[in-house]
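The values are calculated or read from the model by the stated rules, or taken from the named source; none is laboratory data. Keep in mind that what you see is a predicted model, and the values were worked out from it rather than measured. Glycine gets a Cβ as well: all are built from the backbone with ideal geometry, and neighbour counts include every protein chain shown.
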């Protein structure tokens, strides 16, 4: 297995820009792929391409694209499209985020609060992909991007991910120091393989002593000894950050009891020293409590942001759904308004019904037939089909009601009937032959 080159170290590329993308910049190269920043329509996007354009590499790239379309999370770069032909070959076109990888972020020596916030976001996004049936299989510092604005996490590279227990080519690119034993052994993997990688990430971010019990369970060689899922890992990690109140109380008593016992015998300077120690202990406890409060606030903010993102996606989907329904209704209304005067020119039901089929019903139902649930996303397909059916039924009923108000040819008295045929067909008084499709049963 190969280790990846340094991540997000820009290198200018001399290539034929062609097409609609310009200003290419090679940001990252792995054992199987290349990432380019490019400009299109005045904004930067990220293009992920294969390294060798082999059949297997392109198949894996398309598979990663199809899998990524099922994901919608703030901490995963947004996927725009897949293009068969760009200046750098077949490519996934995705959101470009100005940032640095986890190693580079940690080299900046961020505060404990910042590191906690980043790790919480990592846990959140990995929990999300697991709940969508996906195992990442390559969680490592190079695949964790930290944005320069707000220090938000973006999880990258789903090229080795498994969905529904199917996976390809594990020999490509995963880093041994972050890969689980079962992944290195090319065995079956599940969510606990990613939990092993999260344990290594935890040790990188916080060191091996802080949260030692939690990280040790994550990186157990036997996956049965690890956490069952990320939610369980997150609960234990958060609990390990809390200092039990009883511990604080005991510590306070231990600090103050000697002061109370010896206060009468010690000098003023000794009393001051004891008070200073007590004050420092309480200050440290308050500092820990404040850190926890900020961490929980960051968690709440992240959840609210995710909900807002999900609502925005739902609103866009519903707007698209409503626009389709409105477009169909506008078509039917326009068709109805044109058909009514034409139908009203007919004097009898039989002829009016034939005319309504010609100028309204056939055209409307032909348009309706192309609207099926398979045409649209599962979330909006049934609604669209139902609304189109309601509109069609409503206006078809209006036409039928109008036709039914007209006199029927069958109701004409004999003399009027003879006169009618003489006028229409130029026949003599006897009843002429009338086609069955006009007369009906």
Exercise for the section: Considering every residue within the range 396-411, establish whether at least one is within 45 Å of the chain's Cα centre (by Cα), loosely packed, with under 12 Cβ neighbours inside 10 Å and modelled with pLDDT of 65 or more. Expected result: yes
Completion exercise
For the range 283-310 the number of residues that are at pLDDT below 70 and touching a helix residue (DSSP H, G or I) at 6+ places or on another chain (Cβ under 7 Å) is 1
Practice task
Inspect all residues belonging to the range 91-108 and state whether any of them is part of a strand (DSSP E or B), within 29 Å of residue 43 (Cβ to Cβ), at pLDDT 90 or above and touching a helix residue (DSSP H, G or I) at 6+ places or on another chain (Cβ under 6 Å).
Solution key: yes
Problem - Qualifying positions in the range 109-124 - part of a loop (DSSP other than H, G, I, E, B) and touching a helix residue (DSSP H, G or I) at 6+ places or on another chain (Cβ under 8 Å) - result: 110
Exercise for the section: Determine if the range 9-24 includes at least one residue that is at pLDDT 85 or above, under 26 Å from the mean Cα position of the chain (by Cα) and part of a strand (DSSP E or B). Expected result: no
Completion exercise
Within the range 50-79, residues being within 12 Å of the chain's Cα centre (by Cα), in contact (Cβ under 8 Å) with a residue 12 or more places away in the chain and either in a loop (DSSP other than H, G, I, E, B) or over 19 Å from residue 128 (Cα atoms) (or both) number 9
Completion exercise
Scanning the range 196-213 for residues that are assigned to a helix (DSSP H, G or I) and closer than 18 Å to residue 107 by Cβ gives 200, 201, 202, 203, 204, 205, 206
Problem - Meets criteria (in the same structural domain as residue 196 (by TED's automatic domain parsing), surrounded by fewer than 19 Cβ atoms within 10 Å (Cβ to Cβ) and touching a helix residue (DSSP H, G or I) at 6+ places or on another chain (Cβ under 7 Å)) for residue 51 - result: yes
Practice task
Output yes when any residue across the range 322-332 is modelled with pLDDT of 90 or more, buried (at least 18 other Cβ atoms within 10 Å of the Cβ) and under 30 Å from residue 70 (Cβ atoms), and no when none is.
Solution key: yes
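Residue by residue, here is whether (1) more than 28 Å from residue 110 (Cα to Cα); (2) in a helix (DSSP H, G or I); (3) within 21 Å of the chain's Cα centre (by Cα); (4) modelled with pLDDT of 90 or more holds:
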site: 126; (1), (2), (3), (4): no, yes, yes, yes
site: 137; (1), (2), (3), (4): no, no, yes, no
site: 145; (1), (2), (3), (4): no, no, yes, yes
site: 151; (1), (2), (3), (4): no, no, yes, yes
site: 158; (1), (2), (3), (4): no, no, yes, no
site: 173; (1), (2), (3), (4): yes, no, no, no
site: 187; (1), (2), (3), (4): yes, no, no, no
site: 194; (1), (2), (3), (4): no, yes, yes, yes
Completion exercise
Of the candidates 360, 365, the one satisfying the condition of being surrounded by 18 or more Cβ atoms within 10 Å (Cβ to Cβ) and assigned to a helix (DSSP H, G or I) is 360
Practice task
Report, by residue number, each residue of the range 101-114 that is surrounded by fewer than 19 Cβ atoms within 10 Å (Cβ to Cβ) and touching a residue at least 24 places away in the same chain (Cβ under 8 Å).
Solution key: 103, 104, 106, 110, 112, 113, 114
